[in-house]
Amino acid sequence: MIHISETLAVQTVESFLSAEESARLVKIMDSEAAGWRPRTQAEVLPAPALAQEILALATVRSLPAIRRAMPSIAAATPWGYTELTTGQCVPSHLDGIRSPRTAPRRIGRISVVIAEAEEGGEFYTETTADPSPWTTTLLGVADGFVSGTPLARSLPHETAADPHAAEAEWLAATTRTRWTARAGRGVAIAYGAQLIHGVTPVVRGRLRKFVTDLTDAPVS
């Protein structure tokens, strides 16, 4: 059974990528995505096959550590690549659980930086006691969740032109407490799908990272 705490958890894996693996990924993306820049702050480029291989091995290696906080995690979806440059950020948002009653469910997300910005571009999470992030839906045993598990709102990635362009109005009106992570190159951050999060503005330089979903069953 999936527990609410998994969908709100944060777990880091400090040795997710070795220095050599990070350097290889930089070289791969320099070659495969030379000159590519996201058109929106939410755009993600599918990682090329060589990068997928490195990241898939790192994921398998790191699953035991991730499962300490998220025991329902069984697999990850294919990885995507994105960048943020000076002045860009990812405003606070919620990924949410896509198709909560049908496996594979997105229980969390994971990101790993391969090149840090010179200043800014830090991942953060936000917590709140305000009820506004939550819908009235409660999930139960028949859905694969512990009985009475609340379902949070989500940002409509699939339909919005740029879901990370700005905070949703309901979220902007919510009082929150921010927790900023200063995780460096090669450190993975796994975070629950019902956790508010974002990335601070890049002040100088360019942030380069990979992201993917963490699911409770392999994606066919």
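Tabulated data
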{"item": "Cα-centre dipole for the stretch 6-86 with unit charges at Cβ (Lys and Arg positive, Asp and Glu negative), debye to 20", "result": "140"}
{"item": "Euclidean distance between Cα centres, the stretch 191-220 to the stretch 100-117, Å", "result": "6"}
{"item": "Dimensionless Rg over Rh [the stretch 87-213; C-alpha; Kirkwood]", "result": "0.98"}
{"item": "Furthest towards positive pole of dipole, Thr40, Ser92, Ala183, structure part the chain, Cβ charges", "result": "Ala183"}
{"item": "Whole-Hz couplings from phi, Karplus 6.51/-1.76/1.60, listed for the stretch 175-185; x for Gly and Pro", "result": "6, 9, 10, 9, 10, 9, 9, 9, 7, x, 4"}
{"item": "Isotropically averaged projected area of the stretch 51-136, using the convex hull of Cα atoms (one quarter of hull area), nm²", "result": "7.9"}
{"item": "With every protein chain in place, the stretch 58-125: carbon and sulfur % of accessible area (1.4 Å)", "result": "50"}
{"item": "Rule-of-thumb Rg ratio for the stretch 1-72 [Cα; 2.2 N^0.38 Å; N residues]", "result": "1.36"}
{"item": "Local electrostatic count at Ser22 - Lys and Arg +1, Asp and Glu -1, tallied over other residues with Cβ under 13 Å", "result": "0"}
{"item": "Per-selection metrics, the chain (Cα): Rg and Dmax in Å", "result": "16.8, 49"}
{"item": "Ordering of 51-60, 95-104 by packing [mean C-beta count within 10 Å, highest first]", "result": "51-60, 95-104"}
{"item": "Nearest 10 degrees, 0 to 90: helix 49-69 Cα axis against the chain principal axis", "result": "40"}
{"item": "Share of alpha-carbon pairs per 5 Å distance bin for the stretch 111-150, given as whole %", "result": "5, 15, 14, 12, 11, 13, 12, 10, 6, 1"}
{"item": "Electrostatic dipole magnitude of the chain [Cβ: Lys, Arg +1; Asp, Glu -1; Cα centre; debye, to 20]", "result": "240"}
{"item": "Helix 19-32 axis, angle to the chain major axis (alpha carbon atoms, nearest 10°)", "result": "80"}
{"item": "Per-residue ³J(HN,Hα) for the stretch 139-153, Karplus 6.51 cos²θ - 1.76 cosθ + 1.60, θ = phi - 60°, Hz, x for Gly and Pro", "result": "9, x, 4, 5, 8, x, 10, 4, 4, x, 6, x, 10, 7, 5"}
{"item": "Residues whose placed amide H lies under 5 Å from that of Ala115, excluding near-sequence neighbours", "result": "Arg208"}
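The values are calculated or read from the model by the stated rules, or taken from the named source; none is laboratory data. Here the structure is a predicted model, which is why all the values come from computation and not from measurement. Positions of Cβ are generated from backbone atoms using ideal geometry, with glycine treated the same way; all protein chains shown enter the neighbour counts. What goes into the accessible areas is simple: the full protein's heavy atoms, side chains included, and nothing from ligands, DNA or RNA. Shrake-Rupley method; radii C 1.70, N 1.55, O 1.52, S 1.80 Å.
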